[in-house]
1. Collect the residues in the stretch 357-379 that are under 27 Å from the mean Cα position of the chain (by Cα) and either open to solvent by less than 80 Å² (accessible area, probe 1.4 Å) or closer than 16 Å to Ala391 by Cβ (or both), keeping them in residue-number order.
2. Go through the stretch 311-333 and give me each residue that's open to solvent by 40 Å² or more (accessible area, probe 1.4 Å), in contact with a strand residue (DSSP E or B) (Cβ under 9 Å, 6 or more places away or on another chain) and either within 18 Å of Glu257 (Cα to Cα) or in contact (Cβ under 8 Å) with a residue 60 or more places away in the chain (or both).
3. State the number of residues belonging to the stretch 282-303 that are open to solvent by 10 Å² or more (accessible area, probe 1.4 Å) and within 15 Å of Asp227 (Cα to Cα).
4. Against the condition open to solvent by less than 20 Å² (accessible area, probe 1.4 Å) and basic (Lys, Arg), how does Lys279 come out, does it pass?
5. Kindly indicate which of Phe187, Phe172 is at pLDDT 95 or above, in contact with a His (Cβ under 8 Å, 6 or more places away or on another chain) and aromatic (Phe, Trp, Tyr).
6. Hey, can you tell me all the residues within the stretch 307-347 that are in contact with a Lys or Arg (Cβ under 9 Å, 6 or more places away or on another chain) and either of a type in the set (Asp, Glu) or not in a strand (DSSP E or B) (or both)?
7. Answer yes or no: is there a residue in the stretch 194-206 that is touching a residue at least 12 places away in the same chain (Cβ under 8 Å), in a strand (DSSP E or B) and hydroxyl-bearing (Ser, Thr, Tyr).
8. So is Thr272 surrounded by fewer than 19 Cβ atoms within 10 Å (Cβ to Cβ), in contact (Cβ under 8 Å) with a residue 12 or more places away in the chain, under 17 Å from Val307 (Cβ atoms) and among the β-branched types (Val, Ile, Thr) or not?
Amino acid sequence: MDLKLKSILPIFVFLLLVSTSNAKSSIYDVTSATYGGKANSDISRPFSKAWTDACASTLASKIVVPRGTYKFVGATFKGPCKAPIEIQLQGTLQAPVDGSKLSKADTWVGFERIDGLTLSGGGTFDGQGATAWKQNDCNKNKNCKSIAINLRFNFVTNSIIRDITTKDSKNFHVNVLGCNNVAFQHFTVSAPKESMNTDGIHIGRSTGINITDSIIGTGDDCISIGDGTKQLHVTKVTCGPGHGISIGSLGRYQNEEPVSGIFIKNCTIKNTDNGVRIKTWPASPSNGVVSDVHFEDIIMDNVGNPVIIDQEYCPWNQCTLKVPSKVKISNVSFKNIKGSSSSPVGIKIVCSGGLPCENVQLSDIDLTYTGNKGPITSQCKHVKPTINNVARALACATSS
């Protein structure tokens, strides 16, 4: 069976089961007389009560939040539940502007240990994070104060998030941890480029995540891929503003799990600081692995550093550059990448001096530089890539 088909088959099976079970389902409207939720008021208690009832039902259930704007101080919706649940958010949930008023410091809305969750409805999770961005120094302070993530999925399986928007999160918009077979479809992340540390979707220690037909604009990585991520498929995603689509950073902590089977295809990246990127820290405390990674059919529109492997990633001088990264990178391809670069270095492949990259392929890459700092160039170090149909200026002429 085709590997990609095999990876997404459980999602299709899940959707078939849900559509079949919807013939017999229970509906829980948070604004009904039973729960008493009202627009322009806090619905934290009605929503949580509806979840408790739906989770206990042996029939497939649907929780409905109708059109309108609702206050919500936060909750973590926990399973396991007795049957699949769909949350149909038609309106807008608003987090408190003051993060200290959230029910949990690091999470606004969480989903935990649930099998068969659907989150849909065309609604919006509005984190109202503008004030928090000014206080967020987590990118340079390991001991920073916890700041809430808009949506956190922990150990969620066989689930789908579709037609949902996350807006102006105080921290990351979405964090996916320990999940299996979860799909994001027609998903939107919306935040300005000045929103600090607001990764769109961060994935870690999860298998079979699919992100398709989505628009992500934020102040940090559109998609960030952490350790332990396997069989990730990102297709037809538009990224920008932001920092591009990144694997890493990796190699900063002990006992990080391997990253493998990453497929980024048919995406458009525009007006971002980086394009497609793998980044690892020097002086890693333990060994790591990144393998079987493929970036293909990517359009770059005014993108800085369109193609980059950086194993000397050291923001704010928080590391020792003299000690090479211990993360081994192998079997990586960059294919059919075209468009414009806002930086003179169109391709930068800087690998570890201790563990040089292996089997890196560059093919059918056509980039033009839009600036005035000379011709477009490439920079390559500790790598001997296979190159096919790439202009000489981008073909690692400075390889070492």
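1. The answer is Cys357, Val360, Gln361, Leu362, Ser363, Asp364, Ile365, Asp366, Leu367.
2. Tyr313, Lys326, Lys328, Asn331
3. 7
4. In short, yes.
5. Phe172
6. Asp310, Gln311, Glu312, Tyr313, Pro315, Trp316, Gln318, Cys319, Ser343, Pro344, listed by residue number.
7. The answer is no; no qualifying residue exists.
8. So Thr272 does not fit the description; no.
The values are calculated or read from the model by the stated rules, or taken from the named source; none is laboratory data. Quick caveat: nothing in here was measured; it's all calculated off a predicted structure. Glycine gets a Cβ as well: all are built from the backbone with ideal geometry, and neighbour counts include every protein chain shown. Just the protein is used for accessible areas: all its heavy atoms, side chains included, with ligands, DNA and RNA removed. Shrake-Rupley method; radii C 1.70, N 1.55, O 1.52, S 1.80 Å.
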